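Here the structure comes first, spelled out in structure tokens, and everything after it is commentary.
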Amino acid sequence: MCQHQPPCPSADSADRESARLVAHHPEQGWSLLCNGVLLFEDTGELLPDGRVIAPHRPLGADRVVTAA
């Protein structure tokens, strides 16, 4: 799929999010990467084979978590 040199990481690679953007639609909340991964603004992902990667956005530094 990727025609870049060096090639972008595959959709199965741990660094798959570093592939180049092919399409970017911030108004809809998603981007398509060169390796076929759909990356969503909530940090979730949809891989080309249909697997879903749950959002993995870290808690903000300004957010305080308290014990109940």
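The values are calculated or read from the model by the stated rules, or taken from the named source; none is laboratory data. Quantities reported herein were computed from a predicted structural model and do not represent experimental measurements. Reconstructed Cβ throughout: ideal geometry from the backbone, glycine too, with neighbour counts over all protein chains shown.
Annotations
- Pairs meeting the criteria (first residue in the stretch 11-37 and touching a residue at least 12 places away in the same chain (Cβ under 8 Å), second residue in a loop (DSSP other than H, G, I, E, B) and of a type in the set (F, W, Y), beta carbons under 6 Å, at least 6 apart or on different chains) are lacking.
- Subset of the stretch 1-10 (residues that are surrounded by 12 or more Cβ atoms within 10 Å (Cβ to Cβ) and without any contact (Cβ under 8 Å) to a residue 24 or more places away in the chain): P7
- Extreme residue, surrounded by the most Cβ atoms within 10 Å (Cβ to Cβ), among residues of the stretch 11-27 that are not hydroxyl-bearing (S, T, Y) and not in a loop (DSSP other than H, G, I, E, B): R16
- For the stretch 30-56, a residue qualifies if it is on the phi > 0 side of the Ramachandran plot and within 11 Å of the chain's Cα centre (by Cα), and the qualifying residues are G36, T43.
- Residue tally, condition modelled with pLDDT of 95 or more, part of a loop (DSSP other than H, G, I, E, B) and among the acidic types (D, E), over the stretch 28-50: 1
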